[in-house]
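What follows is a set of notes on a single structure, which appears directly below.
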Amino acid sequence: MRVFPASVLAACGLIVSACGGAATATGGSAAGQAVANGGPAAAKAAAPAATTPPMKEAEPLTGKVVVIDPGHNGGNYRDPQAINRKVNVLTQWKPCDTTGTSTNSGYSEAAFSWDVSNRLAKILKARGATVKLTRNSNDGVGPCITQRAAIGNKAKADAAISIHGDGAAPANHGFHVIMPKKINGPVDPVVAKSSRLGIDVRDAFHKGTGLPYSTYIGRDALNYRNDLGGLNLSTVPKIFIECGNMRNAAEAAKFQDPRFRQRMALALANGLQHYLQS
Ligand SMILES: [Zn+2]
């Protein structure tokens, strides 16, 4: 692997699309390190490593726990009985999970959410966070939305995010963030924090990807709902993001571009970090 100077890594972090394949292969950790360390790599390199190992600096997200929920699962379509089983999400009964949408050319939402989630995890880990995903492959079934919430609760996550792409009418476009509402339930104590998390991620995603606010849902890309199990059952600050409309041709092209997905992941990491450090 080539070693890039810190200034180059920083530039990659800022303009991921300009870094081509290298950004895809190394952009996650490189961008994370560049932001995390602010460029002391040169000073570290000068230390005689053999005799005096350099002190490990605390990364900005050390001690923070983030749970990432890649929406749906690549194998869901194979087991409709398991997926359609109704589960209690407190305000109603909903299917355990769904297959999700896809672009017109067949790139699935499950594959998209799996890819962006792993890119995001890599960046957050490089910045010191402890990261847990709610599924460990994209060829399985589930877990149910109730379980996806429970994983964040059990991990006592400082922040949890569920990553999706929408499947709306083709003329609709733009992204939106979904936050919980009070339901006289377990999510109530974290509704305010979730709202703050949602706004931080909205701002960073808009800035980092250049994608517009949704033209068809919410106001300024913010939407509050009380019908999602993943939110209703969360006892930790949690949001969903619909990264765009996969049925819109222009946005589908972006979803299918690995470099753009890296840009999305970096933007999400920046939004999460802003929330976790404020
Ligand atoms: Zn979805």
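The values are calculated or read from the model by the stated rules, or taken from the named source; none is laboratory data. No experiment lies behind these values; they were computed from the predicted model shown. We place every Cβ from the backbone using ideal geometry, glycine too, and count neighbours over all the protein chains shown. Only protein heavy atoms, including side chains, enter the accessible area calculation; ligands, DNA and RNA are left aside. Shrake-Rupley method; radii C 1.70, N 1.55, O 1.52, S 1.80 Å.
Measuring between alpha carbons in the structure, the pairs from 207/254; 94/125; 64/207; 122/207; 156/207 lying more than 26 angstrom apart are 94/125; 156/207. Charge dipole of the stretch 154-219 (Cα centre as origin; +1 on each Lys and Arg Cβ, -1 on each Asp and Glu Cβ, all else neutral): 200 debye, rounded to the nearest 20.
Computed on the Cα trace of the stretch 129-174, the radius of gyration divided by the Kirkwood hydrodynamic radius gives Rg/Rh = 1.08.
Among the trypsin sites (Lys or Arg not before Pro) found in the stretch 84-120, not one is both in a DSSP coil and sparsely packed, with 11 or fewer other Cβ atoms within 10 Å of its Cβ. The heavy atoms of residue 272 present about 0 square angstrom of accessible area, all protein chains included, probe 1.4 Å. The Cα atoms of the stretch 66-199 give a gyration tensor whose axes a ≥ b ≥ c have a/c under 1.5, which makes the shape rounded. The simple Förster model, with R0 at 22 Å and r as the Cβ-Cβ distance, assigns residue 196 and residue 216 a FRET efficiency of 0.35. By a straight-distance test (C-alpha under 15 Å), which aspartates and glutamates pair with residue 182 as possible cross-link partners, with residues fewer than eight away in the same chain excluded? By straight Cα distance, residue 182 reaches 227. Once C-alpha pairs closer than 8 Å and six or more residues apart are averaged by separation and normalised to the residue number of the stretch 57-156, the relative contact order reads 44 percent.
Per-residue extension of 0.36 nm, minus the Cα-Cα distance of residue 81 and residue 249, leaves a gain of 57.3 nm for this segment.
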